[in-house]
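Q: If you scroll down you'll find the structure; I have some questions about it.
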Amino acid sequence: MQTRRTISHRDRVELFRRLIAFDTTSAKSNVPAADDLANFLTDRGCRVDRFESEHGQKVNLVAHKGPECDGGLLLSGHLDVVPATEDGWTSDPFGLTDVDDRYVARGSADMKGFVALAACLLADIDADQMNVPLVGLFTHDEEVGTIGAQRFCNQWDDRYPLPKAGIIGEPTELRVVRMHKGHTKLRIDVLGTPAHSGYPHLGSNAIEKLGRVIHALTELRRQLESERCDTSQFYPETPFAILNQAVVEGGVAVNIIPGGCSLVVGIRVLPGQKSADTIEAVRHTIGSIPDIADDVSVSLIGDSPPLLTADDSEINWRLCEHVGQTETAAVSYASDAGPLAAMGIECVLYGPGSIEVAHRPNEYLPKDQFEQAWGSLSDFARKWCIDGWHSEG
Ligand SMILES: [Zn+2]
């Protein structure tokens, strides 16, 4: 039988430090970090299952403790981080640096601090006392469009019942967030006919056609900005679906009529809205431009769904009650919670650190939030998995 171990503050910081030291920028493999985490969890009594991507460069990790039954709690975090190539870092981004009341490193807030806490919680909780399981899900490629979580939805084979309630530890400064916008990426390719610019009658200019597309999509953006839905009230600054014409590429040389160009568009629909409707609006808008519709194609390159968890869902009201939160919180970024919710897991976001320092040089996690999150999450997980809310009467 496994001996009972208690995870100390030092153990938590040590695991945090080790996770930070793996450069898990989304463009790189997350396997070394996942292996380290898997060993940590296996050594401490968890069942760990790995789900590798096609070429083995990426892995989603699932750690399970307790009985294999319904009613458990899921804790989930992504292992990847955004690149740390910005100017302005005053310490090694991949070394956890103690600076006064902060831990500074890439991924400290977003979100290896939470991952370390979730793993320590899985290690610390006593399987023999549990009535329902605690499950950890550690994903790859969240930062490039929740790709790992979307892949996990297809990889999961029901080898045991997955919890229907989940906490995704995005940095919310320990506020419970039950809704976020989605993020859809479209690529629009425009065809022309290349020719020498001295003989324009032999060609057709793709960039001029794209100009008309951009103009039409600007009109669509204005129209979207004037529309409201039920969740608009939670977004006082942007109560609408956002359409961003983000990247334009095309053209070869000043003396060549461009034969092709492209535009990448990002769309952030509100919770409760469907990205398919907005994609259709984009297609319709482009299809309505006279003479060029046949030269323009729209392809979907990513679709991370929005999150809308009901106010009275168990995970939301219990966690809100646990932390003493009465108001509804919503955020504008997409997360793994979108795809996991689509899989039938009711999710909220709740984690230490601030999104405002994430993705920036000298990203940091306040030490007191790291400790506070540990206290709060371990109490909550124990109530959920050991004490059993349902017996409270
Ligand atoms: Zn994140």
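Please treat every number below as a calculation from the coordinates, not as lab data. No experiment lies behind these values; they were computed from the predicted model shown. Counting neighbours? That spans all protein chains shown, and the Cβs are built from the backbone with ideal geometry, glycine included.
Q: Could you line up GLU237, GLU371 from fewest to most neighbouring Cβ atoms inside 10 Å?
A: Exposure proxy ranking, most exposed first: GLU237, GLU371.
Q: Nearest 5 percent is fine: what portion of the DSSP beta bridges confined to the chain is antiparallel?
A: 75
Q: Between rounded, prolate and oblate, where does segment 183-304 land on the alpha carbon gyration tensor, with a ≥ b ≥ c its root eigenvalues, rounded for a/c under 1.5, else prolate if a/b exceeds b/c?
A: The shape class here is prolate.
Q: If contacts are Cα pairs under 8 angstrom and at least 6 residues apart, what is the relative contact order of segment 183-304 in percent?
A: That works out to 42 percent.
Q: Placing unit charges on C-beta atoms (Lys and Arg positive, Asp and Glu negative, everything else neutral), compute the dipole magnitude of segment 183-304 about its Cα centre in debye, rounded to 20.
A: Dipole of segment 183-304, to the nearest 20 debye: 140 debye.
Q: Find which of MET130, SER275, PHE22 sits farthest along the positive direction of the dipole of the chain, computed with +1 on the beta-carbon of Lys and Arg, -1 on that of Asp and Glu, about the Cα centre.
A: The Cα lying farthest towards the positive end belongs to PHE22.
Q: For segment 259-290 and segment 316-393, what is the centre-to-centre distance using only Cα atoms, to the nearest Å?
A: Each part reduced to its Cα centre gives a spacing of 33 Å.
Q: Let me ask something else about it. Report, in deg cm²/dmol and to the nearest 500, the calculated mean residue ellipticity at 222 nm for the chain, where each DSSP H run with n ≥ 4 adds -39500 (n - 2.57) and the sum is divided by the residue count.
A: After summing the helix terms and dividing by residue count, I get -9000 deg cm²/dmol.
Q: Less than 27 Å apart at the alpha-carbon level, and either on another chain or at least 8 residues along: which lysines does that give for LYS58?
A: Those lysines meeting the cut-off are LYS28, LYS112, LYS164, LYS181, LYS185.
Q: Sequence-distant or interchain residues sharing an amide H contact under 5 Å with THR25, placed H: which?
A: It is VAL81, by chain and number.
Q: Apply the a/c threshold of 1.5 to the C-alpha gyration tensor of segment 129-169 and tell me whether it is rounded, prolate or oblate.
A: oblate
Q: Here's another thing I want to ask about it. Can you tell me the dipole magnitude for the chain around its Cα centre, using point charges on the Cβ only (Lys, Arg +1; Asp, Glu -1), in Debye to the nearest 20?
A: 300
Q: Can you grab the distance from the C-alpha centre of segment 24-81 to the C-alpha centre of segment 103-118, Å, no decimals?
A: After rounding, the separation between the Cα centres reads 16 Å.
Q: Which of LEU377, LEU263, LEU37 moves the most in a Gaussian network model of the chain with Cα springs under 10 Å?
A: LEU263
Q: Apply the a/c threshold of 1.5 to the C-alpha gyration tensor of the chain and tell me whether it is rounded, prolate or oblate.
A: Prolate is the answer for the chain, as a/c is 1.5 or above and a/b outweighs b/c.
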